[in-house]
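Novice: Structure provided below as structure tokens; questions to follow.
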Amino acid sequence: MTAITKIQGLATAAGFALALAVGGANSASAEDVVLHMAVPDWPPTRIMKDMFDKEYKPTSGNKVTLDVDFIPWPDFYTRVNASLTSGEKKYNMAVSDSQWLGAFIEGGYFRKINDLIDADKELKKAMDGMHPIVLNAYSTYPNSTPNYYGFPQFPDLLVSYARKDIFCNDDEQKNFKAKYNKKLPCTGEEFDNVDWDLFGNIGEFFMRKKGEMLAGKPADDDFYGVAFQVGKGYDFSTTSVHTFVWQAGGDIWDETKAPNGHAMGQVNSDVAVKALNHMLSFIKYMPPVAKTGTMDIFKSDELFRAGKVALNVDWIGLGEASLDPKSSKVADKLVFGMGPGTKGADGKINHTSQIGGQPFVLTTWNTDVINKEAVGFVKWWLSKDVQMEYASKGGQSAIKEVYTDPKYNTFRPWNRAWASQLDWQKDMWHIPQFFEILTQQQDQYDLAITGKQDAKATLDNVAKFQEDLLKNAGLIK
Amino acid sequence: MNPITTAPPPTLFTPTPDNWKLAIMIGLIVAVLAMILLPPAVSFWSVGAMAAMVAASFVVNAYRRYYYGGLLVAPAIAVLVVMNIFPLLWSLGLSFFAYQSNQQTIRFVGLANYIKVLADELKAPENWANLTNTAMFVVLTVTTQMIMGFLLALMFAKQFPLRKYLLILVLTPMMLSVVAAGVFFSYYYDPTFGLLSYFIRIFSGQQFILMDNKAGAVAGIVFADAWMWSPFVMLLVLAGLVSVPKYLYEAAAIDRVSGWRQFWSITFPYIRGLLMLALLFRTIEAFKMADLVILLTKGGNGTMTISYHLIRIANEQNKTSEGAAISYVMLFIVIVLTNLYLYIANRRTVEPAHE
């Protein structure tokens with residue numbers, strides 16, 4: 001090899017190396033980052049994706065794309081579960097029901113985010129500004145310990161959906177007063193103060209056959225007093241049963257009291273049996289489909305939108321459709337209030353209810369770059385302006401400075417009940433055995449709802465199953 | 001394929017690509033070593049690679065020795081092994097371990113899963129109840145479909161106006177997705193929105209709740225299933241009816257044989273094979289029924305089937321091993337039933353030859 005060819009070779013190599021270095025530096029300063037996310041397909045996630053695409057500018061200078069899989073609700077758990085457990089490592093982020101936390105954290109799929117929060121002042125501020133009940137419900141595992149996993153995507157709770165045209169009708173008001181010697185609620189504030197006794201009166205009062213008078217007109221179809229979820233699918237009776245049990249002063253098996261808190265005696269206590277019987281007593285005022293065990297959140301919402309029910313208790317998440325004249329016959333006739341409660345000895349109403357809504361989480365296989373961009377996205381998402389805009393488009397926020405803003409209550413008619421109802425929320429278990437417990441108690445509650453088994457036997461079976469399962473899992477002694 | 005021109009098979013230790021005996025030996029040794037020495041994620045693919053090597057040597061061997069028949073079915077066999085037989089054996093293996101798909105641990109437990117499924121104080125009664133329900137659905141849905149399908153076929157075997165269009169209409173349900181049919185029927189049976197309730201109310205004045213008791217819920221599911229699958233039975237039976245030679249009926253007419261006798265002596269022997277086939281297909285399908293149950297009742301009102309139960313155990317609760325054990329119990333039952341059926345079917349076809 002001559003000297004010249006050597007030099008030529010060196011020069012070429014140097015040039016090549018330079019080109020590589022420059023190219024590398026370029027790509028490091030502006031990378032393309034794609035965040036793959038699994039979310040249920042409904043307005044709260046569609047709005048988020050839309051806002052991200054239009055408004056999000058990452059501070060890192062990278063080009064960040066949010067690649068969202070919109071999965072229909074009924075398939076959502078199955079699909080996410082299949083993706084996570086199969087090990088395909090497809091998603092960097094996922095919306096998760098709070099109850100799934102334990103199962104997927106123990107499986108090693110959801111990433112603990114304490115280090116990310118501690119390393120980032122803004123994120124810490126956002127997390128600190130969150131309603132503590134929501135933070136515990138959506139983020140902690142074990143439940144209510146300072147081990148964080150999730151950020152709220154769409155916080156949700158149960159509210160009363162009522163028909164103004166019927167409740168505020170003068171004849172109905174007068175007749176109700178004459179029959180029960182109580183004022184029939186008409187305004188949002190009056191609905192905030194509905195207890196179960198009044199709820200039962202309303203249920204009985206508005207049971208009308210086709211052709212009977214309803215708010216000054218003959219009813220065009222059978223009309224029913226009340227509705228809430230009492231269905232066999234997913235958690236569609238558990239939500240109601242827990243709400244009744246908590247309000248009556250009973251409790252479900254409390255994982256924060258493990259290993260000494262037992263299911264036996266707690267789940268089937270006399271108070272709980274009474275509460276379950278109380279819940280069952282309202283089924284006779286519901287549309288008859290409740291007796292088949294398929295009255296879930298979608299069915300009661302559909303019946304309400306079709307104008308068959310006077311008062312429905314359902315998630316805010318389903319509310320948008322009821323305000324839309326295209327999907328709702330009652331769009332212009334609605335009034336919203338806090339969900340019904342139980343009046344205590346002091347005359348105050350206990351509104352405790354099962355929390356809904358979903359956090360979103362990071363997965364354990366994300367690279368540092370992905371995590372950094374994900375945190376950037378989360379910070380943007382939880383910032384006040386973005387949360388305000390989200391709320392204005394139909395989302396909800398659990399961040400205090402957002403929902404206490406006077407403008408917040410003007411966005412949607414149910415927002416007036418939001419802040420006060422948020423304080424009354426409670427969550428069920430986060431343990432990995434969640435799904436087994438849920439399925440078994442849903443089956444048992446269904447037997448009670450369809451009249452095949454009494455409340456006592458039902459709760460005895462539930463308690464026995466849970467005690468056995470929790471003992472075998474080593475969660476209780 | 002002249003066997004004379006084939007090369008002689010290589011001796012055991014000649015390393016040629018077509019030496020499948022040697023390939024099996026090497027494959028076995030490497031696979032066993034890999035399973036002992038390497039971590040599971042690596043040994044899994046090493047064993048896979050060895051299996052592929054053995055398969056490749058079979059193919060080369062077949063090619064060199066002109067076993068073209070074998071070569072032609074090889075792709076089908078490869079797909080069958082990879083997509084079907086391997087997962088089947090893998091899940092059989094899993095049923096002897098304590099394994100959950102959302103946990104990283106695995107432990108050998110022998111027959112414990114089978115004991116749990118068949119004899120556990122809490123679980124076994126539930127499994128048996130679900131199996132009984134499944135048997136009930138098998139009997140009811142298959143009987144309904146066979147009768148309906150058969151009657152429809154008898155009707156469509158004759159010529160009448162608009163037959164062609166009606167036939168297409170009758171076949172439509174079979175082509176629908178089960179989910180669409182399920183959603184349709186859940187509205188059809190709905191007491192407030194449903195057509196059924198609407199028609200009954202004209203006479204009774206009351207909304208009609210079909211699905212609030214076991215008999216009603218079962219009837220609802222059986223009807224929906226029959227609505228979807230009777231056309232399938234009809235299609236098979238119709239094929240049989242069309243194949244009966246006309247001259248047999250003409251001869252029977254000359255002999256003044258009654259319609260009943262014509263049916264049993266001429267029609268039935270022709271369609272029996274196809275009828276049996278329809279019965280077999282529908283029985284196996286009915287045994288796996290879960291979709292309609294999920295859509296219509298979520299397993300409430302005593303309609304829980306073993307398949308739906310299995311979906312819950314294996315998919316929702318991630319109890320993979322327990323799910324595998326239930327699946328194998330189910331598979332065993334289906335195989336026994338199928339063989340019993342084939343035995344009876346064969347005996348019947350053989351018997352007339354002895355007479």
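The values are calculated or read from the model by the stated rules, or taken from the named source; none is laboratory data. For clarity, every value in this text was computed on a predicted model and none was experimentally measured. FYI the Cβ positions are ideal-geometry reconstructions off the backbone, even for glycines, and counts take in every protein chain you see.
One line per residue, one yes/no per condition, for (1) outside any helix (DSSP H, G or I); (2) touching a helix residue (DSSP H, G or I) at 6+ places or on another chain (Cβ under 7 Å); (3) in the same structural domain as B:N127 (by TED's automatic domain parsing); (4) not aromatic (F, W, Y):
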{"position": "B:I284", "(1), (2), (3), (4)": "no, yes, yes, yes"}
{"position": "B:G300", "(1), (2), (3), (4)": "yes, yes, yes, yes"}
{"position": "B:R312", "(1), (2), (3), (4)": "no, yes, yes, yes"}
{"position": "B:A325", "(1), (2), (3), (4)": "no, yes, yes, yes"}
{"position": "B:M330", "(1), (2), (3), (4)": "no, yes, yes, yes"}
{"position": "B:V334", "(1), (2), (3), (4)": "no, yes, yes, yes"}
{"position": "B:Y343", "(1), (2), (3), (4)": "no, no, yes, no"}
{"position": "B:N346", "(1), (2), (3), (4)": "no, no, yes, yes"}
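Novice: Another question, then. Being touching an Asp or Glu at 6+ places or on another chain (Cβ under 8 Å) and more than 14 Å from chain B (Cβ to nearest Cβ) is the requirement here; does A:Y91 meet it?
Specialist: Judged against the criteria, A:Y91 is a match.
Novice: Something else: Looking only at segment A:283-303, how many residues end up being at the interface with chain B (Cβ under 10 Å from one of its Cβ atoms), touching an Asp or Glu at 6+ places or on another chain (Cβ under 7 Å) and buried (at least 24 other Cβ atoms within 10 Å of the Cβ)?
Specialist: Of the residues in segment A:283-303, 3 are at the interface with chain B (Cβ under 10 Å from one of its Cβ atoms), touching an Asp or Glu at 6+ places or on another chain (Cβ under 7 Å) and buried (at least 24 other Cβ atoms within 10 Å of the Cβ).
Novice: Is it the case, given these coordinates, that A:K477 is at pLDDT below 90 and more than 14 Å from chain B (Cβ to nearest Cβ)?
Specialist: Yes: the conditions hold for A:K477.
Novice: If you don't mind, there's one more thing I want to ask. Only one of A:A137, A:A103, A:A126 is within 14 Å of chain B (Cβ to nearest Cβ) and in a helix (DSSP H, G or I); which?
Specialist: Result of the check over A:A137, A:A103, A:A126: A:A103.
Novice: Looking at B:L331 and the list (1) closer than 21 Å to B:L94 by Cβ; (2) surrounded by 18 or more Cβ atoms within 10 Å (Cβ to Cβ), which single condition is not satisfied?
Specialist: Among (1) closer than 21 Å to B:L94 by Cβ; (2) surrounded by 18 or more Cβ atoms within 10 Å (Cβ to Cβ), B:L331 violates only (2).
Novice: Tell me, which helices (runs of 4 or more DSSP H) wholly within segment B:79-195 include 1 or more residues that are within 14 Å of chain A (Cβ to nearest Cβ), of a type in the set (A, V, I, L, M) and under 30 Å from A:G87 (Cβ atoms)?
Specialist: Hits in segment B:79-195: B:86-94, B:112-119, B:178-188.
Novice: Looking at segment B:7-28, is at least one residue assigned to a helix (DSSP H, G or I) and within 30 Å of B:S321 (Cα to Cα)?
Specialist: Taking every residue of segment B:7-28 in turn, at least one turns out to be assigned to a helix (DSSP H, G or I) and within 30 Å of B:S321 (Cα to Cα).
Novice: Quick one: would you say A:A215 is surrounded by 16 or more Cβ atoms within 10 Å (Cβ to Cβ) and closer than 21 Å to A:W414 by Cβ?
Specialist: no
Novice: Which of the numbered conditions does A:L438 fail, given that it passes all the others? Conditions: (1) aliphatic (A, V, I, L, M); (2) within 30 Å of B:G300 (Cα to Cα); (3) modelled with pLDDT under 95; (4) crowded, with 24+ Cβ neighbours inside 10 Å.
Specialist: Here A:L438 meets the rest and fails (4).
Novice: What tally of residues in segment A:190-227 results from selecting those that are within 14 Å of chain B (Cβ to nearest Cβ) and not in a strand (DSSP E or B)?
Specialist: 9
Novice: A further question follows. Only one of B:A286, B:A278 is within 29 Å of A:D75 (Cα to Cα), surrounded by 16 or more Cβ atoms within 10 Å (Cβ to Cβ) and away from chain A (no Cβ under 14 Å). Can you tell me which?
Specialist: Going through B:A286, B:A278 in turn, just one is within 29 Å of A:D75 (Cα to Cα), surrounded by 16 or more Cβ atoms within 10 Å (Cβ to Cβ) and away from chain A (no Cβ under 14 Å): B:A286.
Novice: State yes or no: is B:G149 within 30 Å of A:L303 (Cα to Cα) and surrounded by 18 or more Cβ atoms within 10 Å (Cβ to Cβ)?
Specialist: No; evaluated as a whole, the condition is false for this residue.
Novice: Also, I was wondering about something else. Could you tell me whether any residue of segment A:230-246 is surrounded by fewer than 22 Cβ atoms within 10 Å (Cβ to Cβ), at pLDDT 95 or above and more than 14 Å from chain B (Cβ to nearest Cβ)?
Specialist: yes
Novice: Just one of (1) at pLDDT 90 or above; (2) surrounded by fewer than 19 Cβ atoms within 10 Å (Cβ to Cβ) trips up A:A94, so point out which.
Specialist: (2)
Novice: Kindly check whether there is at least one residue in segment A:44-61 that is over 22 Å from A:Y141 (Cα atoms), away from every other protein chain (no Cβ under 14 Å), basic (K, R) and part of a strand (DSSP E or B).
Specialist: No, every residue in segment A:44-61 fails to be over 22 Å from A:Y141 (Cα atoms), away from every other protein chain (no Cβ under 14 Å), basic (K, R) and part of a strand (DSSP E or B).
Novice: Somewhere in segment B:300-310, is a residue surrounded by fewer than 19 Cβ atoms within 10 Å (Cβ to Cβ), among the β-branched types (V, I, T) and more than 14 Å from chain A (Cβ to nearest Cβ)?
Specialist: No: segment B:300-310 contains no residue that is surrounded by fewer than 19 Cβ atoms within 10 Å (Cβ to Cβ), among the β-branched types (V, I, T) and more than 14 Å from chain A (Cβ to nearest Cβ).
Novice: Whether any residue in segment A:270-288 is more than 20 Å from A:G200 (Cα to Cα) and at pLDDT below 95 is what I want to check.
Specialist: no
Novice: Looking at A:K164, A:K177, A:K112, A:K182 in this structure, which one is free of Cβ contacts under 8 Å to residues at least 12 places away in the same chain, surrounded by fewer than 20 Cβ atoms within 10 Å (Cβ to Cβ) and either in the same structural domain as A:A310 (by TED's automatic domain parsing) or of a type in the set (K, R) (or both)?
Specialist: Every option except A:K177 fails the conditions.
Novice: Please pick out the residue among B:L238, B:L210 that is more than 22 Å from the chain's Cα centre (by Cα), at pLDDT 90 or above and not in a helix (DSSP H, G or I).
Specialist: Residue meeting the stated conditions: B:L210.
Novice: Just to be sure, is B:S321 within 14 Å of chain A (Cβ to nearest Cβ), assigned to a helix (DSSP H, G or I) and either touching a residue at least 40 places away in the same chain (Cβ under 8 Å) or under 14 Å from the mean Cα position of the chain (by Cα) (or both)?
Specialist: So B:S321 fits the description; yes.
Novice: Okay, moving on. Output the residue which, of all residues in segment B:29-42 that are surrounded by 13 or more Cβ atoms within 10 Å (Cβ to Cβ) and without any contact (Cβ under 8 Å) to a residue 12 or more places away in the chain, is farthest from B:V60 (Cα to Cα).
Specialist: Among those that are surrounded by 13 or more Cβ atoms within 10 Å (Cβ to Cβ) and without any contact (Cβ under 8 Å) to a residue 12 or more places away in the chain, it is B:L38.
Novice: So if I check each of B:F193, B:F156, B:F184, B:F160, which one is assigned by TED's automatic domain parsing to the domain that holds B:A278 and surrounded by 11 or more Cβ atoms within 10 Å (Cβ to Cβ)?
Specialist: B:F156
Novice: Considering only segment A:372-390, I want to know if a residue exists there that is in contact with a Pro (Cβ under 6 Å, 6 or more places away or on another chain) and of a type outside the set (A, V, I, L, M).
Specialist: Yes, that holds for at least one residue.
Novice: Go through segment A:444-466 and give me each residue that's among the charged types (D, E, K, R) and within 11 Å of another protein chain (Cβ to nearest Cβ).
Specialist: Correct list: A:D446, A:K452, A:K464.
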